[in-house]
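Below is one structure, written out as structure tokens; comments come after it.
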Amino acid sequence: MNSEHEPKIVAFLCKWCSSAGSDMAGVSRLEYPSNVIPITVMCSGSVSPLYILSAFNLGADGVLVSGCHPGDCHYIKGNMYARRRMALLKELLPYIGLEPERFQMSWVSAAEGLKFTQIIKEFVKQLKPLGPQTQLRRSL
Amino acid sequence: MVEVEKIREEARRLLQEGQVRGVIGYVRGPQGVWAVPAMIRNPEDVDRLVWNPTCVHNLVLFVVEEKKEQARQKEPDKRPLAVVVKGCDSRAINVLLQEKFIEREEVILLGVSCENSGVVDKKKLLNLVPSQKIEEIVYGNNGHIVAVIDGERRVFPPEEVLADRCLECQANFPVVYDHFFGEKIKKEAINTSPGVDKIEKMRLEERRRFWEEELSRCLRCYACRSVCPMCYCTECVVDPISFAVEPTTTAEEKAKKIKWIEKSPLLSENFVYHLVRAIHLAGRCVDCGECERVCPEDIPIRLLNKKLEREAWRLFNYVAGMDSQAPSLFSTFKETDPEDFIR
Amino acid sequence: MEKVLKKSDLGQWVARLKDFDLYGPVRENNHWEFNQISQLANFPEDYTQVNVPLKKILLPNREVLFQFEDNRNGGPYLQEVLPEEREVVVFGVRPCDARGIVLLEKVFSSEIPDIYFERRRQQVYVVGLSCYPLPGENCFCLSLGGGPFSTKGMDILLTKMQSKYFVEVLTPKGEKLIKAAPEYFFNPTDKDQQERQQLERKARAMFTRQIEGVEKIWPVLSQMFESPLWREESYRCLKCGICTYLCPTCHCFDITDEISSTAPLQGKRVRVWDTCQFPDFTMHSSGHNPRPDKASRLRQRIMHKFLYFVETFGDIMCTGCGRCVSKCPVGIDIIDILNKVASHGA
Amino acid sequence: MEHNPYLPQLARIISIKEEVGGARPIKTFHLELLNGHRFDFRCGQCAMISVFGKGESMISISSSPLIKEYLQFSILKMGRVTTALHEMEEGSIVGLRGPYGNGFPLEEWKGKNLIFIGGGIGLAPIWSVLQTALRQRDDFGQLTLFYGARTSQDLVFKDELKKLKETIPVYLSIDVKEPGWNEYVGFVPQNVLDKKPSPEKAIAITCGPPIMIKFVIKGLQELGFQDDQIFTTVENKMKCGIGKCGRCNIGHHYVCKDGPVYSWARLKTLPQEY
């Protein structure tokens, strides 16, 4: 495997928590790898599995969905719906042969800038040895 | 035993009394023994109705089609439709009720029991006997299938000729119906999806190779989507255009329609198509198995749906289509839902 | 030119065709497909008919027409993409599929020739296999001027006999293939000739499905545009693409742009299979759809094959392969429909 | 080199004019081929315009073939490609292939009175004939134009129409009354019936929404026009432009090559699938 490979991570971040958490990391001058393409969403519950598959299709090596901790959802329970959906997707992807590490979910609050950087660092570390994701990637 | 004469009687009565605008059932098709779906509108035609092991189709699809057709008509006939449903088909009705796609009053369900048997897999049977010679296919005893060939009865054990979905089925009589035909014989519990077991035992690379081989054959004829009563969306991610175009739809709206995947049957696009479809059917697929039956390329599509069926049960104790009043899989949650995969 | 080839020599001959890409019937799950092969020792006893007909090689379901990209000045730059140059021999082509090519040629080589089809056509060598016994339960080529031993569209037709193949070399392309290993080909004896003729007679007697009086069909069809038949027969139609995608003569396509990068713009214009059976096929941007329902789309499929094509090219655009009948998930049966049409005219 | 019918030539947008604003905007584009290539065509023919990355659209050419400096297209914003075109600027490069279709049989119309009847964007294909006839004024008899749209804002070629009125009779109409509008109010077919053009030595060319065409034809028949005196154009969805892809198929015709121009005498023999 290519250890030089710099993985591309598409991160769907809830506007109310994880996105703010990533900002917090920046404001606090915490360093984390620049492999992330953040996409701010209104709620982790608004992330359709289609978005995740589409991210892989358009070349993501890893996809992260990050929302508010249970009980903290701005819309009361959007993250709880997300949890169910993502649990199934999490099972489906390795079933067709995609490395389980490539899709992850996390709870990151607006205050958890450090946790955000740790998750990204760990994610990049896990993805590097896997090399590029080619299974779902469109190549014309 | 389901007596077809009783189904006909009920259908005749419903039509004669004008209680229904039609009966969706099975009739003998143009190729001899193989039944095909049909809409019966006249009481004189009810004798065309058949019930036998070739009644493979999930007729709930036509309930969906009729519903869409009604929406297009200016003065639709609002009387209900009678429809013949097997166990799996009835669960599809429940899902449509759950999702409020139809109301219960819109259908009169003529439930038929598969009685410890199921429907025939044409491919399996044709590997054993040539099609032209079969005069009739009927139910025998103990789930056996009887084919009349050259006037002679040949008995096949279920495991030789039944569709996989029926061999793996645990609920072989309707869960919702207005009239019931046959007996409720509970089937023995068996492994509900040996195919899924097989894949789960594979290593990651093997799984990938397996699915690459299977999905590379996909022609994107969309038969799997077309035959599925749950694929009722007017706008599907795979279509380059939306069918929901009104005279008031602006050019921008049309131009903004996201092209999620390419129309070309590239392997990557086939993967995304089938995965999106599978996940969209999670908690909704009742395993009528029609997608796999219709696939001209013999892609084991059910293995995707069965996997999610298994996980929905394992993770959330959820089975699709058992209760029309219960919230659907993704429209609810429990505090205790697993989250060990979340960091 | 007629020859015979010992069954055991088939593999030797094929091994000599090193300069060609070889395709032959390969078993996949429950069916056969034309896939690339490296050798061919024999045609398996249970080989019937491939699922996706020969057209997949001449009219692939995705054909790149050209690439486009922004050049340095920001304007688009186009690069024509033509099919790669490679000569392809396809073995085991059934007469119905080979006749399909002849019909496709009428469309793609007439008026404004289609450069992509023509290139591929020139590069394809068709080595057919006659049908004894009949490969499909719904074969009806006999009703359409074809036959289990028809040579139309073929370069070579092989007939499997007791211990030999009867080899009909039909074109210079066929001769070229034979010349690769001339020592394996012998002149047929009278007995060989008789054996072949007998097989053909037997095969022709095997047909169970037929259209009664195909010549009656098109004049009747031209009067049947408004017939209730279309609504009745199409009620159970699923609107899928099986009947047309697996048809050896259906050739409708879409042209679409596939983008690999938006800035700078990079992509390909491709043509992909499409079908008149999909609801969006004829839908205008405005939402208006000239063929808005299943009835009008089934009518189009039948009319195009048995009336419109006859009016334009003097031929029926159906070779009687029976795939659309066997593969239709809801038993829509073109033979049955045509017999109903014919009976309207009686 | 073999001719590749799918490969467009590159063309530059040399001018863009906004004809109609609002929810159904129309813009008129002038295009010239790069490298000074010629693009010969007949009145009523169409061209496939490519916006690379978005796709292609078949658009009728609204300028006269006698004008060699540019090709004119008046385009209603309708779907993916036309929306992209509307967003383009002068100087942008598009693809162009064609011309496609049969065109109007102008040679057969020499010496005849031409009555043009257009609705909305349907004036575009007519405009090509009209401009040609005006440039070859001696070849034709009287020229008359009926043209209507939903509102006065929806009329295309507003300035040109003003000028045109000085040379030929122009009967404009709008569907509903508007302050300041002192011409006909009502549908185009009604306006035609109202003015009663004579069928004597005349050819009527009508183009517009299907429902308008239907009633125009009915009206013309009432006025005594024969079916072979009435011409119209058909617009079906098209992809290849060369009669292969099967999309614009009506009966044994392919609109892209056997159409889009039809006399009513011919069109009425085809299935109504347009």
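The values are calculated or read from the model by the stated rules, or taken from the named source; none is laboratory data. Just so you know, these numbers come straight off a predicted model, no measurement behind them. Virtual Cβ from ideal backbone geometry, glycine too; neighbours counted across all protein chains shown.
A few comments on the model shown:
- There is no residue in region A:9-31 that is in contact with a Lys or Arg (Cβ under 8 Å, 6 or more places away or on another chain), in a loop (DSSP other than H, G, I, E, B) and surrounded by 21 or more Cβ atoms within 10 Å (Cβ to Cβ).
- When C:PHE117 is tested against (1) without any contact (Cβ under 8 Å) to a residue 60 or more places away in the chain; (2) among the hydrophobic types (A, V, I, L, M, F, W, C); (3) away from every other protein chain (no Cβ under 14 Å), exactly one condition is not met: (3).
- For C:GLY75: the one exception among (1) of a type outside the set (A, V, I, L, M, F, W, C); (2) within 14 Å of chain B (Cβ to nearest Cβ); (3) surrounded by fewer than 19 Cβ atoms within 10 Å (Cβ to Cβ): (2)
- Residue count for region B:299-330, restricted to those that are of a type outside the set (S, T, N, Q) and touching a residue at least 60 places away in the same chain (Cβ under 8 Å): 15.
- When A:SER54, A:SER34 are checked against the criterion of being of a type outside the set (A, V, I, L, M, F, W, C), part of a helix (DSSP H, G or I) and either more than 13 Å from the chain's Cα centre (by Cα) or modelled with pLDDT of 95 or more (or both), A:SER54 stands alone in meeting it.
- Residue within region D:68-77 that is over 19 Å from the mean Cα position of the chain (by Cα) and either surrounded by fewer than 15 Cβ atoms within 10 Å (Cβ to Cβ) or more than 10 Å from every other protein chain (Cβ to nearest Cβ) (or both) present: yes
- Criterion: over 12 Å from the mean Cα position of the chain (by Cα), closer than 19 Å to C:CYS240 by Cα and at pLDDT 95 or above - qualifying residue of B:GLU69, B:GLU65: B:GLU65
- In region D:15-43, residue modelled with the highest pLDDT [restricted to those that are over 15 Å from D:ILE121 (Cβ atoms) and of a type in the set (Gly, Ala, Ser)]: D:SER15
- Of the residues in region C:278-290, at least one is touching a residue at least 12 places away in the same chain (Cβ under 8 Å), within 27 Å of D:PRO5 (Cβ to Cβ) and more than 7 Å from every other protein chain (Cβ to nearest Cβ).
- Restricting B:ALA223, B:ALA251 to those that are among the small types (Gly, Ala, Ser), in contact with a helix residue (DSSP H, G or I) (Cβ under 8 Å, 6 or more places away or on another chain), modelled with pLDDT under 95 and surrounded by 19 or more Cβ atoms within 10 Å (Cβ to Cβ) reduces the list to B:ALA251.
- Members of region C:13-32 found to be exposed (fewer than 15 other Cβ atoms within 10 Å of the Cβ) and either touching a residue at least 12 places away in the same chain (Cβ under 8 Å) or part of a strand (DSSP E or B) (or both), listed by number: C:ASP19, C:ARG27
- Scanning region A:78-104 for residues that are more than 7 Å from every other protein chain (Cβ to nearest Cβ) and either touching a residue at least 24 places away in the same chain (Cβ under 8 Å) or surrounded by 21 or more Cβ atoms within 10 Å (Cβ to Cβ) (or both) returns A:GLY78, A:ASN79, A:ALA82, A:MET86, A:LEU93, A:LEU98, A:GLU101, A:ARG102, A:PHE103.
- Hits in region C:318-340 (condition: among the hydroxyl-bearing types (Ser, Thr, Tyr) and at the interface with another protein chain (Cβ under 8 Å from one of its Cβ atoms)): none
- Given (1) within 14 Å of chain B (Cβ to nearest Cβ); (2) of a type in the set (A, V, I, L, M); (3) under 27 Å from C:ASP257 (Cα atoms), index of the condition C:VAL50 fails: (3)
- Test for C:LEU104: is it part of a helix (DSSP H, G or I), within 11 Å of another protein chain (Cβ to nearest Cβ) and in contact (Cβ under 8 Å) with a residue 60 or more places away in the chain: yes
- Within region A:105-135, being closer than 22 Å to A:LEU88 by Cα, surrounded by fewer than 17 Cβ atoms within 10 Å (Cβ to Cβ) and touching a residue at least 12 places away in the same chain (Cβ under 8 Å) holds for one residue alone: A:GLN126.
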